[in-house]
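The values are calculated or read from the model by the stated rules, or taken from the named source; none is laboratory data. All values derive from a computational prediction rather than experimental measurement. Just so you know, the surface numbers come from the protein's heavy atoms only, side chains and all, with ligands and any DNA or RNA stripped out. Shrake-Rupley method; radii C 1.70, N 1.55, O 1.52, S 1.80 Å.
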Amino acid sequence: MSFHFTVSGLTRNLIHSLGLDHERALTPEQSLLLECYLAGQIPESAWSDYVFEMPELGKHLNARRGAN
């Protein structure tokens, strides 16, 4: 039996398993919201509303904070 993988597939799997692909999942608008929140331009109450409507924002924030 043999297994065949492409290098790009292995690279994509490695990046995903390391949790380094979190930024790719955000839309440009969501990325902007995240950057604005991190810069202190969005109050905590508004951020909570955004995260309630788009839970992936909270996941990306946690991943970003974990990487720093």
Report task. Take region 3-31 and flag every residue that is modelled with pLDDT of 90 or more and over 12 Å from the mean Cα position of the chain (by Cα). Result -> GLU29
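Considering only residues that are outside any helix (DSSP H, G or I) and either open to solvent by less than 90 Å² (accessible area, probe 1.4 Å) or modelled with pLDDT of 90 or more (or both), which ones fall in region 32-68?
Initial filter on region 32-68 (outside any helix (DSSP H, G or I)): 39-43, 54, 68.
Those that are outside any helix (DSSP H, G or I) and either open to solvent by less than 90 Å² (accessible area, probe 1.4 Å) or modelled with pLDDT of 90 or more (or both): ALA39, GLY40, GLN41, ILE42, PRO43, MET54.
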